[in-house]
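Single-structure report; data block below.
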Amino acid sequence: MSTKVKSKALKEFQEATQMLVNPALQRWKDQGGRVIGCYCSYVPEEVITAAGFVPFRMRGTGSAGTDMADTCVSSINCSFVRHSLDLGLRGEYSFLDGVVWVNSCDHVRRIYDHWKRKIDTPYLRLISLPKKVDEPQVEWFREEVSLFRESMKDHFGIFVSDERLWKAIKLHNETRRLQRQLYELRKRKNPPITGVETLAVMVAGTAMPREEYNKLLKELVDELSQSSAGHSDHRARIMLIGGILDDPAYIEVIESQGGLVVTDSMCFGTRIMWKDIDEKEKDPVTALARYYIADRPSCARMFGDQPRRSAFIKDMICEFNVDGVIAERLVMCDNWTGEQFMTGEDLKEAGIPYIRLDRDYINVGAGQLRTRVQAFLEMMGR
Amino acid sequence: MTTKKLRQYKYDPDTFNRYRQERDYFNFLSGILATMPDSMSQLSKEITDITVERYDQIVRCAEEGKPFVAGYFCAAPEIYEAMGLPWYMIMATPFLAASAPYLTEDIDAAEAMGLGTDWCTACRLSLYYIEAGLTPKPWALIGLIHPCDAGNMLHQAVARNKKWRDVPIFASDPPYFEDQRGIDYYAGELRRMVAFLEEHTGAKLDLDKLREVCRETNKQYEILSEYTQLRRAHPCPHGWGVGGPQAFAATQVFQTGRPRGTKWLQQLYADAEERVKNKTGPVPKERIRYFWFDLLPFGWVFELMPWLEQEWGAVLVMEMFGLQPYTPIDLRNEETIFKGLAKRNLYDSPMIRQARGPADYFASDIARVVKDYDIDLVIWPGHMGHKDGSASTGIMREICQELKVPYIHIGLDLFDKRYTTPEECKDKLSKFFSAMGLG
């Protein structure tokens, strides 16, 4: 599906998905700016921004193999973990001043264990993320965010005041608002932007200095809002759901068959921006805790919240006029195995076309993917 | 106990078919053990009989409309016991009855349901049993969202399952690190679990009864701790056939805080002590002392473990469920009891202890066991469901290198022998033993 967008901002975003240290991040580093890696979308990156650093979402982009990581983990561990850890072991993440984890899943939490033993990054922290979404968990996470803030002070000597935290929350909410505006345009009958391009926009948002990103994103949204051009050459409108997917090449295969991805429930998608952090809350740390635990669309790992996740998907299907849902997961991921099964049952009951696909983090597996997508579109009568 | 205003429980005898089959299977095993007069077989027989009794108790509760719950060994069974709530594990088949003859057939049926094949077989089986109406539907379910992702997803899928959607479910949220703040938080979760059980079963928790149960468990763990010390002897008094797994079943599943369990542990200790005095082990000549760092391969245990003893003189000196780091519960008041339960269930309980938090526990347990038990070989079976453990394999290997003890990671399914067959395991182990000059 050929792009209709000629935006300079979009080019910059696309470039950012192809490398770890993109030009904007390099400029930031050259000016002495510091960068903290975040291994999950549940890391409260607003604290990092408030400290004056750039939060950078960890990826395995550019990895050519997993030889070094394979000495640490096993073949039943997911390929994202193996590739991103391999890059770390090879020194490709030496531009980071710190890395922060949450106990996202059985695979990612072990990267923390290997990283602290083998890689010389100055600041490492794992935040204990609850697996439920109730009030006691909000309170637990509030304390975790407070401790994280204190540890930043202890290590970097930077006190993240409430004032700075509110400023960062507002800045990140602005990102979310702009990203939602972009998604709003995808509701059009002929969306002005493809799924491939949108993913690039979303990934870039986790890899660039925030103010610069927001400025570029506003330019892009304005440009697209004013344009009447759109993609009409698709066979079906697709919603994509799953975990970590940062490679536009995967969506490119889906769209090459006429399945235009118009919305998602992904880690680099709606789950990180569909809700704002409540700026009316009295305490910024409580606001962060409530957002991450209770308010934002949750990850599959959050127990007791599956009905809300399922409702979120169904709402998206209606809002974006979706014809069918593709669920992707990395092989060996238990969280998304279970979630795919439950979502499939829910969508079957609702009569919504649905397909589950397994994938590898680096190799798109274009041939097989193409065949599966073709069959899915045909099954839908498209 | 009042059952007013509680959900109406409807007994469906069909859902007990498999459960009764399992009970009958244990009865059959008990019959075989009855013909074997040696002390180890008699110890196993007593545990088997205790198991049968629990199965019978659950069936009776269902037939008579009395409350029973589903729970876990690591989700404070002391509390169910003190509340007088009979309980069973929805993972009972893979954990307890995995050598039953229908296991392979059930695994295939679970696969046919569309459950991912890289999802832990124990979890797939449990969900299949519910979907297929083969598991007793409890009044309330205590779920488990740690130590692994697979367990968390299993319980989410159970909660959403049409047949069980009316079964109330509660799961305690686990903090990641081991510290006082985590203990306090988890104690709060256990209190919320009590409120949940009271609401949905009508049973009430009496503090004096809980104290009594915990006092008895303190005795049980003390004896167990002394028993594990005896396993340091050369030769090790018991092998894979008796010890840790049965002691686990007694203390954490079927006889938590009950004098009969304490008595069984005393008999276990006495038998081991006698063997230590007589320098008797499970094989005529102990040639390899190994640490099996996981559950035993219950689905095909008889096809591997005896072979290790007979072919190689390899004796299982310690395994994950026999590793008992339990600290006694402080019985002074409600707060100390709940904090003690939080610590025991979260930081001491086998598999939960190692897999829930950072990999340091894998490393420190290996170091401790290798030194204390004079271990010649550490086996990480690498069960296909234990992703966090296999993601720690490099750390385990390095600690073994430091300790100068061989380490082998097999890669198998503890329940499905087709994943890596017993023959393949034997071949791999034989080659490794030869290469390392063991045995």
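The values are calculated or read from the model by the stated rules, or taken from the named source; none is laboratory data. Everything numeric here is computed off the predicted structure, so don't read it as measured data. Backbone-built Cβ (ideal geometry, glycine too); neighbour counts: all protein chains shown.
Is it true that some residue in region A:325-337 is facing chain B (nearest Cβ under 9 Å), touching a strand residue (DSSP E or B) at 6+ places or on another chain (Cβ under 6 Å), part of a loop (DSSP other than H, G, I, E, B) and surrounded by fewer than 22 Cβ atoms within 10 Å (Cβ to Cβ)?
yes
Within region A:129-140, work out how many residues are more than 11 Å from chain B (Cβ to nearest Cβ) and charged (D, E, K, R). Show your work before the answer.
The first filter runs over region A:129-140 and keeps only residues more than 11 Å from chain B (Cβ to nearest Cβ), leaving A:138.
Now restrict to residues that are charged (D, E, K, R): none.
Count: 0.
In region A:44-102, which residue that is of a type outside the set (Gly, Ala, Ser), under 25 Å from A:Thr337 (Cα atoms) and part of a helix (DSSP H, G or I) is farthest from the chain's Cα centre (by Cα)?
Pass one, region A:44-102, residues of a type outside the set (Gly, Ala, Ser): A:44-49, A:53-59, A:61, A:66-68, A:70-73, A:76-78, A:80-83, A:85-87, A:89-90, A:92-93, A:95-97, A:99-102.
In the following step, the residues that additionally are under 25 Å from A:Thr337 (Cα atoms) were identified as A:57-59, A:61, A:66, A:70, A:72-73, A:76-78, A:80-83, A:85-86, A:101-102.
Restricting the remaining residues to those that are part of a helix (DSSP H, G or I) gives A:70, A:80-83, A:85-86.
Numbers: A:Asp70: 25, A:Phe80: 13, A:Val81: 15, A:Arg82: 18, A:His83: 17, A:Leu85: 18, A:Asp86: 20 Å.
Taking the candidates together, the pick is A:Asp70.
With the checklist (1) within 22 Å of the chain's Cα centre (by Cα); (2) within 13 Å of another protein chain (Cβ to nearest Cβ); (3) not basic (Lys, Arg) in hand, flag the one item A:Glu143 doesn't pass.
Among (1) within 22 Å of the chain's Cα centre (by Cα); (2) within 13 Å of another protein chain (Cβ to nearest Cβ); (3) not basic (Lys, Arg), the lone unmet condition for A:Glu143 is (1).
Name the residue, out of B:Glu46, B:Glu53, B:Glu78, that is part of a helix (DSSP H, G or I) and either touching a Leu at 6+ places or on another chain (Cβ under 7 Å) or farther than 30 Å from B:Ala270 by Cα (or both).
Values: B:Glu46 fails: either touching a Leu at 6+ places or on another chain (Cβ under 7 Å) or farther than 30 Å from B:Ala270 by Cα (or both); B:Glu53 fails: either touching a Leu at 6+ places or on another chain (Cβ under 7 Å) or farther than 30 Å from B:Ala270 by Cα (or both).
The unique qualifying residue is B:Glu78.
Considering only region B:25-41, state which residues are part of a helix (DSSP H, G or I), free of Cβ contacts under 8 Å to residues at least 60 places away in the same chain and more than 21 Å from the chain's Cα centre (by Cα). Quick ask: steps written out before the conclusion?
First, pick out the residues of region B:25-41 that are part of a helix (DSSP H, G or I): B:25-34, B:39-41.
Narrowing further to those that are free of Cβ contacts under 8 Å to residues at least 60 places away in the same chain: B:27-34, B:41.
Once the filter is applied, which keeps residues that are part of a helix (DSSP H, G or I), free of Cβ contacts under 8 Å to residues at least 60 places away in the same chain and more than 21 Å from the chain's Cα centre (by Cα), region B:25-41 yields B:Phe28, B:Gly31, B:Ile32, B:Leu33, B:Ala34.
For region B:414-439, which positions are assigned to a loop (DSSP other than H, G, I, E, B), in contact with a strand residue (DSSP E or B) (Cβ under 9 Å, 6 or more places away or on another chain) and crowded, with 22+ Cβ neighbours inside 10 Å?
Passing the criteria: B:Leu414, B:Phe415.
Tally time: how many residues in region B:169-223 are of a type outside the set (A, V, I, L, M, F, W, C), farther than 20 Å from A:Phe303 by Cα and under 23 Å from the mean Cα position of the chain (by Cα)?
9
Output the residues belonging to region A:136-158 that are free of Cβ contacts under 8 Å to residues at least 12 places away in the same chain and of a type in the set (Asp, Glu).
A:Glu143, A:Glu150, A:Asp154
Pull up region A:146-182, narrow it to residues that are within 14 Å of another protein chain (Cβ to nearest Cβ) and closer than 30 Å to A:Gln306 by Cβ, then point me to the one that is nearest to the chain's Cα centre (by Cα).
Filtering region A:146-182 down to residues within 14 Å of another protein chain (Cβ to nearest Cβ) leaves A:146-148, A:150-151.
Now narrow it down to the ones that are closer than 30 Å to A:Gln306 by Cβ: A:146-148.
Working: A:Ser146: 24, A:Leu147: 24, A:Phe148: 21 Å.
Per the stated criteria, the residue is A:Phe148.
Could you say whether any residue in region A:108-122 is assigned to a helix (DSSP H, G or I) and away from chain B (no Cβ under 13 Å)? Don't jump to the end; show me each part of the working.
Keep residues of region A:108-122 that are assigned to a helix (DSSP H, G or I), which gives A:108-118.
Checking which are away from chain B (no Cβ under 13 Å) leaves us with none.
No, region A:108-122 has no match at all.
Can we say B:Ile183 is more than 24 Å from B:Arg356 (Cβ to Cβ), among the hydrophobic types (A, V, I, L, M, F, W, C) and either within 14 Å of chain A (Cβ to nearest Cβ) or assigned to a helix (DSSP H, G or I) (or both)?
no
Give the residues of region B:380-397 that are more than 8 Å from chain A (Cβ to nearest Cβ) and either surrounded by fewer than 23 Cβ atoms within 10 Å (Cβ to Cβ) or out of contact with any helix residue (DSSP H, G or I) (no Cβ under 8 Å at 6 or more places or on another chain) (or both), sorted by residue number.
Matches in region B:380-397: B:Pro381, B:Met396, B:Arg397.
Can you name the residue in region B:134-158 that is within 18 Å of the chain's Cα centre (by Cα) and not aliphatic (A, V, I, L, M) and is also nearest to the other protein chains (Cβ to nearest Cβ) among such residues?
Selected residue: B:Asp149.
Could you count how many residues in region A:302-317 are assigned to a helix (DSSP H, G or I) and at the interface with chain B (Cβ under 9 Å from one of its Cβ atoms)? Can you show your working first?
Within region A:302-317, the subset assigned to a helix (DSSP H, G or I) is A:306-317.
Keeping just the survivors that are at the interface with chain B (Cβ under 9 Å from one of its Cβ atoms) gives A:306-307, A:310.
Here the count works out to 3.
Quick one: A:Leu129 ticks every box in (1) closer than 20 Å to A:Ser298 by Cβ; (2) without any contact (Cβ under 8 Å) to a residue 24 or more places away in the chain; (3) among the aliphatic types (A, V, I, L, M) except a single one, so which number is it?
Of the numbered conditions (1) closer than 20 Å to A:Ser298 by Cβ; (2) without any contact (Cβ under 8 Å) to a residue 24 or more places away in the chain; (3) among the aliphatic types (A, V, I, L, M), the odd one out for A:Leu129 is (2).
Residues in region B:85-124 that are within 14 Å of B:Leu295 (Cβ to Cβ) and among the aliphatic types (A, V, I, L, M): how many? Walk me through how you get there before you give the answer.
Quick first cut of region B:85-124, residues within 14 Å of B:Leu295 (Cβ to Cβ) only: B:89, B:91-99, B:120-123.
So of that shortlist, the ones also among the aliphatic types (A, V, I, L, M) come out as B:89, B:91-92, B:96-98, B:122.
Matching residues across region B:85-124 total 7.
Which is of a type in the set (A, V, I, L, M, F, W, C), modelled with pLDDT of 95 or more and assigned to a helix (DSSP H, G or I), of A:Leu260, A:Leu245, A:Leu217? Steps first, please.
Numbers: A:Leu260 fails: assigned to a helix (DSSP H, G or I); A:Leu245 fails: assigned to a helix (DSSP H, G or I).
When all the criteria are applied, what remains is A:Leu217.
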